[in-house]
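For reference, the structure discussed in these notes is given below.
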Amino acid sequence: MTNSYELLEALHRLALPVRERDPWWWPNSGTYEVVIGAVLTQNTRWPKVEEALENLRSLEALSIEGLAKLDEELLREAIRPAGFYNTKAKRLRLLNQSIGDKFGDFETFRREVDRRWLLGKKGIGEETADAILNYACYREAMVVDAYTAALLKAFGYEFDDYRGIQAWLIEGLKNYDIKVRGLFPDIPKAQIYALFHGMIVEYCKRHKRGKRVDIEPLGSEE
């Protein structure tokens, strides 16, 4: 595996289920639910996040206005399944208030927010910021996570930081743009980034055991 296009092609060949729930992989992409879910999923398995999101949905709290109206104690109880609920409740309330104060509504947020603004908010790191930009705002932001690092390590690639991995992923797609477009015709680059990350996650969920990722299924096509 010499570049990220080869990785993308190998993953694409496996026909992983990245569009079964949503065309962009992340459930209910393009909605404020993604912003909330991106915070809740920190250090937490996704099924637990879905439980918390369902609790918030029942409370009509998956919008800027709905979350703002929710009592803090009720918010903590609603997101308890996602773990670290005291910390996450505080971060959600602060982020939600900042979004409301700065942008007013979600559509304006989607259109105007940038990475620097998100990274300036307490509890929002690079992965969370990029997940919000890509899956909620449909921006060209390549998400990197622990699965990505583990998969690339299995191929012998180790990077100093998040940005190093991200740059490697983007460079390969850029250098092979025509071939990438051949794999994913008629969809925006931001969605290709979204599906690439989704394929990495879905692959690792199936082939990662402990710290090791089995890369044999990604070998050259016979």
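The values are calculated or read from the model by the stated rules, or taken from the named source; none is laboratory data. Note that this is a predicted model, so its numbers are computed, not measured. Note: ideal-geometry Cβ built from the backbone for every residue, glycine included; neighbour counts use all protein chains shown. Side chains included, ligands, DNA and RNA excluded: accessible areas come from the protein's heavy atoms. Shrake-Rupley method; radii C 1.70, N 1.55, O 1.52, S 1.80 Å.
Please find, in a Gaussian network model of the chain (springs between Cα atoms separated by less than 10 Å), the residue of G172, G198, G156 whose mean-square fluctuation is greatest. Judging by the Gaussian network model, the answer is G156. The magnitude of the dipole of the stretch 1-73, with charges of +1 and -1 set on the Cβ of Lys/Arg and Asp/Glu and taken from the Cα centre, is near 340 debye.
When the residues E140, E77, E20 are ordered by accessible surface, computed with a 1.4 Å probe over the protein chains alone, the sequence from largest down reads E20, E140, E77. On the principal axes of its alpha carbon atoms, the stretch 105-149 extends 34, 22, 13 Å, with the longest extent given first. For the residues I178, I165, I79, a GNM of the chain with alpha-carbon springs under 10 Å puts the largest fluctuation on I178. Couplings 3J(HN,Hα) for the stretch 149-158, derived from phi with the Karplus relation 6.51 cos²θ - 1.76 cosθ + 1.60 (θ = phi - 60°), are 4, 5, 5, 5, 4, 5, 8, x, 9, 10 Hz, where x marks Gly and Pro. By how many degrees, 0 to 90 and rounded to 10, does the Cα axis of helix 46-58 deviate from the longest principal axis of the chain? Value to nearest ten degrees: 30.
Put a plus charge on the Cβ of each Lys and Arg, a minus charge on the Cβ of each Asp and Glu, and nothing anywhere else: the dipole of the stretch 147-212 about its Cα centre is then about 360 debye. Over the stretch 18-103, accessible surface divided per residue gives 51 Å², non-protein components excluded, 1.4 Å probe. Taking every protein chain into account, the accessible area of the stretch 138-188 amounts to 59 square angstrom per residue (probe 1.4 Å).
Okay, which of the stretch 60-80 sit inside 18 Å, backbone N to the point 7 Å along the Cα-Cβ direction of N86? Counting only backbone N, you get 72-80. Using Cβ point charges alone (K and R +1, D and E -1), the dipole size of the chain about the Cα centre works out to roughly 440 debye.
Charged neighbours of A38, selected by a Cβ distance under 12 Å, balance to -2 (K, R count +1; D, E count -1). Distance between the modelled labels on Y138 and R21, one decimal in nanometres: 2.0 nm (7 Å Cα→Cβ projection).
The stretch 171-222 and the stretch 14-56 have Cα centres separated by 19 Å. With a cut-off of 10 Å between beta carbons, the residues surrounding Y147 carry a summed charge of 0, where Lys and Arg count +1 and Asp and Glu -1. Can you give me the Rg/Rh ratio for the stretch 1-106, using Cα atoms for both radii and the Kirkwood formula for Rh? Using Cα coordinates only, the ratio equals 1.08. In order along the stretch 88-103, phi translates into HN-Hα couplings of 5, 5, 5, 5, 5, 5, 5, 5, 4, 5, 5, 5, x, 5, 7, 10 Hz, rounded to whole numbers, per the Karplus curve 6.51 cos²θ - 1.76 cosθ + 1.60 with θ = phi - 60° and x for Gly and Pro. The largest-to-smallest principal axis extents of the Cα set in the chain are 57, 36, 34 Å.
The alpha carbons of the stretch 108-222 give a radius of gyration and a Dmax of 15.1, 49 Å, in that order. Farthest toward the positive end of the dipole of the stretch 142-222, out of G210, I192, V180, is the Cα of G210, where the dipole comes from beta carbon charges about the Cα centre.
For the chain, the carbon plus sulfur part of the accessible surface works out to 47%, probe radius 1.4 Å.
In straight-distance terms, cross-link reach from K179 covers every one of the lysines whose alpha-carbon lies under 27 Å from its own, apart from those fewer than eight places away in the same chain; here that gives K153, K189, K205.
Structure remark: mean-square fluctuation, Gaussian network model of the chain, C-alpha springs under 10 Å; the largest value among N134, N55, N175 belongs to N175. When the alpha carbon coordinates of the stretch 1-54 are projected onto the principal axes, the ranges are 39, 23, 18 Å, largest first.
I'd like the orientation of helix 189-207 relative to the chain: the angle between its Cα long axis and the longest Cα principal axis, in ° from 0 to 90, rounded to 10. Value to nearest ten degrees: 80. Farthest toward the positive end of the dipole of the chain, out of G104, L59, L74, is the Cα of L74, where the dipole comes from beta carbon charges about the Cα centre.
Listed by chain and number, the aspartates and glutamates whose alpha-carbon sits under 14 Å from that of K69, ignoring those within fewer than 8 places in the same chain, are E60.
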